[in-house]
Amino acid sequence: MLKRGDIIIIIALIVCAALIYIVPASNDSVSHTLIITVDGREYRRIDLSDVSYTETIEINGKYKNIIEVKDGSAAFVYADCPDCDCVKSGVLSPRHNFAACLPNRVSISIVSGGSDIDALAG
Amino acid sequence: MERIKAYDIAILAILTTLALVLSLFDNMLSLLIPIPLPGFKIGVANLVTLFLVMYFSLPKALCVVFLRCFISSMYSGGVTVFLISLSGGILSVLAMYFIKYVLKENVSQIGISIFGAACHNLGQVIMVILLLMSPSYIFYLPILLIVSLVTGFVIGFVGLHTYPRIAKFTKLKLSK
């Protein structure tokens, strides 16, 4: 049923997935910064190295999002858009470092050292 | 330029409708199966896309995919959802024709389907990165690629067993 080309495609996909997964993990640095973007523009930048820092941020766009920053991480805790994928994404971590509310065009991401975004975009 | 016959218009319209119904069905399925992956879908509508790739020419396939994305974003979503689903749809159609043309006899429908599903996710991730201007979303790609391996296989397998019957019924022939 499976032909040679199929096997090549499957192997190539697994290799690609593994590469994208492994490469960014190698540069784990100490300081983490939370970046909140609204409508593609940077809205807030919060230093997460201070673990005791706690703040609740409310964003009112087309919909309402509430982002909670605590224990050196962040999460969408409330959204009134129809699908609430952002809330389901849960609390961010250096590995799972991105969540977004697409209907509201709000995203939160954790960057290490603040430099790897440029490295990726470049 | 090839002339579009009334028969083609009718069958493409039926396929567009079928794709729309399947994408609605897909939305319901993803609500029924609680998988902790935001935006996860099996992509049942890709059954139609794969059928188009196997039996129709590239412009016709692109046309149906464009219409499906356009109409489905009118009843759920909006401009953002339209852009994301369109980029995935167009890229997956192009990729499937490309791999079919390059590997010819060496690839089966299952391989074409898996490659298409992977490129569908790739297209969507690229569009999300462009819309949100945040490259961090690329870390979501590995898991999506692995998922598309499974969903692509399922769609390809179902297609392998249903397309010949549909083709016999509608007197369609495999496109080159």
Computed E for B:SER175/A:ASP47 - FRET, C-beta separation, R0 51 angstrom, nearest 0.05: 0.35
In peptide B:121-131, what is the residue-averaged number of other protein chain Cβ atoms found within 10 Å of each Cβ? 1
Using +1 on the beta carbon of Lys and Arg, -1 on that of Asp and Glu, and nothing else charged, what's the dipole of chain B about the Cα centre, debye to 20? 580 debye
Using alpha carbons only, what's the Rg to Rh ratio of chain B with Rh from Kirkwood? 0.96
Looking at the protein assembly as shown from every direction and averaging, what is the projected area of its Cα convex hull in nm²? 16.6 nm²
Take chain B, connect every pair of alpha-carbon atoms lying under 10 Å apart with a spring to form a Gaussian network, then pick out the residue of B:ILE33, B:ILE146, B:ILE14 with the largest mean-square fluctuation. B:ILE33
Please give the contour-minus-distance gain from A:ASN60 to A:ILE22: 0.36 nm per residue of separation, less the Cα-Cα distance, rounded to one decimal in nm. 10.1 nm
Rounded to the nearest 10, the angle in degrees between the Cα long axis of helix B:6-32 and the longest principal axis of the Cα atoms of chain B comes to 30 degrees
Within-9-Å neighbourhood charge of A:ASN65 [Cβ basis; K, R +1; D, E -1]: -1
Across all Cα atoms of segment B:46-139, Rg and the largest Cα-Cα distance (Dmax), in Å, are 13.8, 41
Hey, what did segment B:6-170 get for relative contact order, percent, Cα under 8 Å, at least 6 apart? 21 percent
Taking the simple approach of a point 7 Å from Cα along Cα-to-Cβ for both B:LYS5 and B:ILE33, what is their distance in nm? 3.8 nm
Cleavage-rule hits (trypsin sites (Lys or Arg not before Pro)) in segment A:67-110: DSSP loop, at most 10 neighbouring Cβ within 10 angstrom: none
For chain B, take the longest principal axis of its alpha carbons; what is the angle in degrees between that and the long axis of helix B:79-103, to the nearest 10 within 0 to 90? 50 degrees
For A:ILE8 and B:MET74, what does the FRET efficiency come to when R0 = 41 Å and r is the distance between their Cβ atoms, rounded to the nearest 0.05? 0.55
Within 10 Å of each Cβ in B:137-144, how many Cβ atoms from other chains are there, averaged over the peptide? 6
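Bear in mind that the values in this text are calculations on the coordinates, not laboratory data. Computed from a prediction, not measured in an experiment: that's the story for all the values here. Cβ sites come from the backbone with ideal geometry, for glycine too, and all protein chains shown count toward neighbours.
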